[in-house]
Structures are given as C-alpha cells and as structure tokens.
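One structure is given below, encoded as structure tokens.
The values are calculated or read from the model by the stated rules, or taken from the named source; none is laboratory data. None of the values given here were measured: they were computed from a predicted structure. Here the Cβ positions follow ideal geometry from the backbone for every residue, glycine too, while neighbour counts run over all protein chains shown.
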C-alpha cells in the first residue's frame, strides 16, 4: 500500500536535500530528442528538439514523447529529406521505431532496443513498480525534468545539453490532464542554481516525464511514480499541462478512451 506525502511533507523533503536525489532519478530516464541536418553549417545543424523518456518493462523498453514533437520532425523531414532524428548523440529513426501516436492526447511511443538506452547519454530506463502507476491527487509533490532548446549549446561538432527541472505541486488532476503551476511560494531549486527567471521560454521540454512522490505505508520509504507526459507549457502564465501516463499500455499502445 502507498500514500502520498502531503504538500507540506513534500516541500520539507525537498528543502532538506531530497531534491537533488529526485532530480538525478528523473533525469536518468530522460534524454534530448532532436532533428538535424548533418550537412548544414556548424551552429545551424539542429532544427529543433523535444524530450523523450524511457520505461523498462519485463520484455521491452518504450520511449515516450509528445506527439507534436514527432510531428515537428515529420514536417522538417518532409521539407528536407536529409534531416535525421537523434537521441542525445545517437541517431534514432523515429519513423521506423514508432509504436503508436495520439494527436488527441499528444503522445507518441517508440520501440527502443534495450542495448541502445545507455548510449543515450548514459540514460537508464525507469522501472515502474506497477502498471499503470497510481494517479496523484491535487496539491501533492511532483517533479519533471527535460531539455529546453535555450539550454542547448553547440561547440563545433559537439552538443551540450543541460537538463531543466522543477519541483512543485500538482494544481489540477483530471482524467485527461495534470496541471502544475510554477508558484514561486513553494517552487524548489533542484540544482541549487537559483530559481529560473519568470516567464522563461521552455520550448524543447515537451515530452518530459512528470513524477509524483509516494510513500510506502509498510516501510515509510519515499519514492517516485511516473504520472504524466509533458505536452504544453505556457510561459506567460507559468502553467504546464501533462497527459496522464495511464493511457499508455505496456506494449506502447495509446488508448485515448482511458482518459475519457
């Protein structure tokens, strides 16, 4: 059995130093997903990027991102056949690896070879305790990590990706969405770099995973459970919307009816 730490408990844990542990756990299963033109001049190769994360089940690993991220790649590849897709620093053919997609839910899933995951910047797929995972309630501690394009640096042939993470609380939980507000009265700085500036543009964060804090009733150990997929960020209002992860099946299928 599991219980959710209260809003106050979650904030206390984060301020006590648990935030860096949470950041590292979530970051480990994420990677930047981007498309590029290999023959373009240096500094102009990257067309755009999103975020992808990995889930490991007993017999397979799936990658998940926002469907509009995948659509962005398809549009670029349609305009220029030389455009390729990649994860971190390894080419990844999204079209051949696609399992399912839903424009309604804004989710796309991909078949990822198990041996490939560590090559994506040392990523390690998240191993869920149960599936689907429990749905968080409102005003509970949550964290997400992704790769905004403004945090990307190109130096010659090399790319450098800086993860961006936010620890906050869930504001709205509905069957088809989880909303979080960047309320600075309880916003936590996971990397101790200072809170991000207000109204920061976060393009590239789409597809990032949202995790919620849970506590084992038997042992009292606090852990994280996957809750959603980042699909929309409004920098003016500082609100993020996540599609519920419960719509994704173990085989990578996406069931829009599950969010009805």
For the subset of region 161-173 comprising residues that are outside any loop (DSSP other than H, G, I, E, B) and under 21 Å from residue 63 (Cα atoms), which member is modelled with the highest pLDDT?
161
The conditions are (1) out of contact with any helix residue (DSSP H, G or I) (no Cβ under 7 Å at 6 or more places or on another chain); (2) at pLDDT 95 or above, and residue 247 fails exactly one of them. Which is it?
(1)
Flagged in region 130-142 as touching a residue at least 40 places away in the same chain (Cβ under 8 Å) and closer than 20 Å to residue 56 by Cα, in numbering order, are 131, 132, 133, 134, 135
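Could you tell me whether residue 96 is within 22 Å of residue 257 (Cβ to Cβ) and without any contact (Cβ under 8 Å) to a residue 40 or more places away in the chain?
No: the conditions fail for residue 96.
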Being assigned to a strand (DSSP E or B), out of contact with any helix residue (DSSP H, G or I) (no Cβ under 9 Å at 6 or more places or on another chain) and not assigned by TED's automatic domain parsing to the domain that holds residue 62 is the filter here, so list the residues in region 102-145 that pass it.
none
If residue 85 satisfies every condition in (1) without any contact (Cβ under 8 Å) to a residue 60 or more places away in the chain; (2) not in a strand (DSSP E or B) but one, which is the exception?
(2)
Look through 128, 136, 81 and report the one residue that is more than 19 Å from residue 206 (Cα to Cα) and crowded, with 22+ Cβ neighbours inside 10 Å.
136
Listed residues 228, 207, 252; which is at pLDDT 90 or above, in the same structural domain as residue 150 (by TED's automatic domain parsing), crowded, with 20+ Cβ neighbours inside 10 Å and more than 17 Å from residue 131 (Cα to Cα)?
207
